[in-house]
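Peer 1: I am attaching a structure below and will ask some questions about it afterwards.
The values are calculated or read from the model by the stated rules, or taken from the named source; none is laboratory data. Since the model is a prediction, treat every value here as computed from it, not as a measurement. Don't worry about glycine lacking a Cβ; one is built from the backbone with ideal geometry, like all the others, and counts go over all protein chains shown.
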Amino acid sequence: MALFLTEADVRRLLTMDLALAAVADAHRAHALGRAIDIPRRRTRGPTASLHILQGALLDENVMGYKAYTASRAGARFLVHLFDAADGRLQAVIEADTLGMMRTGAAGGIAAKHLSRPEAATVALIGAGGQAQGQLEALCKVRPIRQVRLFSRNPDNCRRASADFARRFGVEVAPAETAESAVRGSDIVVTVTTSGTPVVLGEWLAAGTHINAAGSNALTRRELDERAVGRAGLVCVDS
């Protein structure tokens, strides 16, 4: 019988330490040719869209997919896992929290290997669940002391700042502008749905690390040309 895990189960069982280890193992397997990663596929209807991401970990004998729908009513996420040998369904997992943790872990791994070891200040652009996952992972891999958070919605910015400070034990202060958050930060994280750049290259100090995690479609754009052009290294996870 297949296992069914609810959002509550995932929150109870999955820690960021486990997520960081699992995502690192998956990236390593992919680099060694022992994992399959199929790019996201989208089906768009008049008022909702369906998104599917699929892949396999060959050494773990597992394959599966994440499917989610998005509309003005919100988004709904499910993961299905199968035995790679006989195709039997192994698990169905409600995957909102799981996706937040996985994406956060990917950002944490990037910062672990690409940011300066002493990086302690973060500019966080965006105040939703994905921002929470990104910050939690960063606090696991770097000695984060101060976070400047910017959101276009001031109420969300204040709420998230207080929540993140309580959760992670670091100073989190609302920023009045994206520029004031970014200037002087060691690490910049963007987790928005913006179609126009929210971070400009002229704001960045030499040696700044950027995790641009929100732009996952051609209609979205978080960094301007100068920010990308100034990068000494550009890495993607798919």
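Peer 1: Assuming Leu149 fulfils every condition listed in (1) in contact with a strand residue (DSSP E or B) (Cβ under 6 Å, 6 or more places away or on another chain); (2) farther than 28 Å from Ala95 by Cα apart from one, which condition is it?
Peer 2: Single failed check for Leu149: (2).
Peer 1: Where residues in region 73-98 are of a type outside the set (A, V, I, L, M, F, W, C) and within 21 Å of the chain's Cα centre (by Cα), which of them is surrounded by the most Cβ atoms within 10 Å (Cβ to Cβ)? Can you show your working first?
Peer 2: First pass over region 73-98, keeping only residues of a type outside the set (A, V, I, L, M, F, W, C): 74, 76, 80, 83, 86-88, 90, 94, 96-97.
This time we only want the ones that are within 21 Å of the chain's Cα centre (by Cα), so: 74, 76, 80, 94, 96-97.
Numbers: Gly74: 8, Arg76: 14, His80: 17, Glu94: 17, Asp96: 17, Thr97: 20.
The extreme case among them is Thr97.
Peer 1: Taking Thr97 as meeting all but one of (1) in contact with a His (Cβ under 7 Å, 6 or more places away or on another chain); (2) β-branched (Val, Ile, Thr); (3) part of a helix (DSSP H, G or I), write down the number of the exception.
Peer 2: Unmet condition: (1).
Peer 1: Restricting region 112-129 to residues that are at pLDDT 95 or above, of a type outside the set (D, E, K, R) and within 23 Å of Ala21 (Cβ to Cβ), which is surrounded by the most Cβ atoms within 10 Å (Cβ to Cβ)? Step through it out loud before you land on a result.
Peer 2: Looking only at region 112-129, we keep the residues that are at pLDDT 95 or above, and these are 112-127.
Within this subset, residues satisfying the condition of being of a type outside the set (D, E, K, R) are 113-115, 117, 119-127.
Applying the additional criterion that residues be within 23 Å of Ala21 (Cβ to Cβ) yields 113-115, 117, 119, 122.
Working: His113: 11, Leu114: 15, Ser115: 21, Pro117: 8, Ala119: 21, Val122: 28.
Taking the candidates together, the pick is Val122.
Peer 1: Also: Looking at region 8-17, which of its residues are aliphatic (A, V, I, L, M), more than 15 Å from the chain's Cα centre (by Cα), part of a helix (DSSP H, G or I) and surrounded by 12 or more Cβ atoms within 10 Å (Cβ to Cβ)?
Peer 2: As a first pass, look at region 8-17 and keep what is aliphatic (A, V, I, L, M): 8, 10, 13-14, 16.
From the residues that got through so far, the ones that are more than 15 Å from the chain's Cα centre (by Cα) too are 8, 10, 13-14.
If we keep only those that are part of a helix (DSSP H, G or I) too, we end up with 8, 10, 13.
Val10, the sole residue that qualifies.
Peer 1: Within region 21-54, count every residue that is within 18 Å of Val92 (Cα to Cα) and buried (at least 17 other Cβ atoms within 10 Å of the Cβ).
Peer 2: Matching residues across region 21-54 total 2.
Peer 1: Okay, next question. Hey, any hits in region 38-52 for a residue that's at negative phi and touching a helix residue (DSSP H, G or I) at 6+ places or on another chain (Cβ under 6 Å)?
Peer 2: Taking region 38-52 first, the residues at negative phi are 38-52.
Imposing the further condition that a residue be touching a helix residue (DSSP H, G or I) at 6+ places or on another chain (Cβ under 6 Å) reduces the set to none.
Among the residues of region 38-52, not one is at negative phi and touching a helix residue (DSSP H, G or I) at 6+ places or on another chain (Cβ under 6 Å), which makes the answer no.
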